[in-house]
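Let me begin by presenting the structure, written as structure tokens, before commenting on it.
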Amino acid sequence: MTSFGDLLGPQPTLLTGDDDAESDLLNGTDAKTVAAAHPTASIAWAYLAEAAFDSGEVITAYAYARTGYHRGLDQLRRHGWKGFGAVPWSHEPNRGFLRCVAVLARAAQAIGENDEYHRCLDLLNDSDETAAAELGLA
């Protein structure tokens, strides 16, 4: 039985993360520098997207979040994810991807792209029922 209680569904996907990128970010390295050095690290794109959104740069936030989202999808697929199933918020390396999805949702809503906003919310809820609340979207 999975920790998400679905006996017929896939096991939760647990990403490996990018230790170097995460360490650089935690040590104060500029997120643009980290994204350039580690372009596959969703966490770097999440930092950029969140900062842009918080600064009112919605289109820039959308672009950064979209990049991190796609990088995260690539990594999820390499870890066996088939487009559905749990991506737990509680697993720290999953958070870069989930944070990108949340900023993408916010930016989509801000520009009136309501279908994208709802798709992102659905993805967060399908990934982990607590993710949207953890990310301030509930």
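The values are calculated or read from the model by the stated rules, or taken from the named source; none is laboratory data. Small disclaimer: the values here were computed from a predicted structure and weren't measured. Neighbour counts run over all protein chains shown; Cβ positions are idealised from the backbone, glycine included. These area figures cover heavy atoms from the full protein model, side chains too; ligands, DNA and RNA do not enter into them. Shrake-Rupley method; radii C 1.70, N 1.55, O 1.52, S 1.80 Å.
Observations on the model:
- Long hydrophobic helices in the chain, taken as whole DSSP H segments with a C-alpha length of 20 Å or more on their own axis and mean Kyte-Doolittle hydropathy at least -1.0: 58-78, 95-110.
- Per-residue [θ]222 nm for the chain (sum of -39500 (n - 2.57) over DSSP H runs n ≥ 4, rounded to 500): -18500 deg cm²/dmol
- Counting only Cβ charges, +1 for Lys and Arg and -1 for Asp and Glu, the dipole size of the chain around its Cα centre is about 320 debye.
- For region 57-138, carbon and sulfur atoms together expose 46% of the accessible surface, with a 1.4 angstrom probe and every protein chain in place.
- Ranking Ala138, Gln75, Cys120 by Cα position along the charge dipole of region 59-138, where only Lys, Arg, Asp and Glu carry charges on their C-beta atoms, puts Gln75 farthest toward the positive end.
- Taking the square roots of 5 times each eigenvalue of the Cα gyration tensor of the chain, largest first, gives ellipsoid semi-axes of 23, 19, 12 Å.
- Ordering of 111-122, 68-79, 90-101, 13-24 by packing [mean C-beta count within 10 Å, highest first]: 90-101, 68-79, 13-24, 111-122
- Probe 1.4 Å, accessible area per residue of the chain, Å²: 53
- With contacts taken as Cα pairs under 8 Å and at least 6 residues apart, region 1-132 reaches a relative contact order of 26 percent.
- If you sort the three axes of the alpha carbon gyration tensor as a ≥ b ≥ c, you get a/c of 1.5 or more for region 37-78 and a/b above b/c, which makes it prolate.
- Inter-label distance for Arg119 and His70, nm, one decimal - labels placed 7 Å from Cα along Cα-to-Cβ: 1.3
- Placing unit charges on the Cβ atoms only, positive for Lys and Arg and negative for Asp and Glu, gives region 45-97 a dipole magnitude near 380 debye about its Cα centre.
- Summing +1 for each Lys or Arg and -1 for each Asp or Glu among the other residues whose beta-carbon sits under 15 angstrom from that of Arg66 gives -2.
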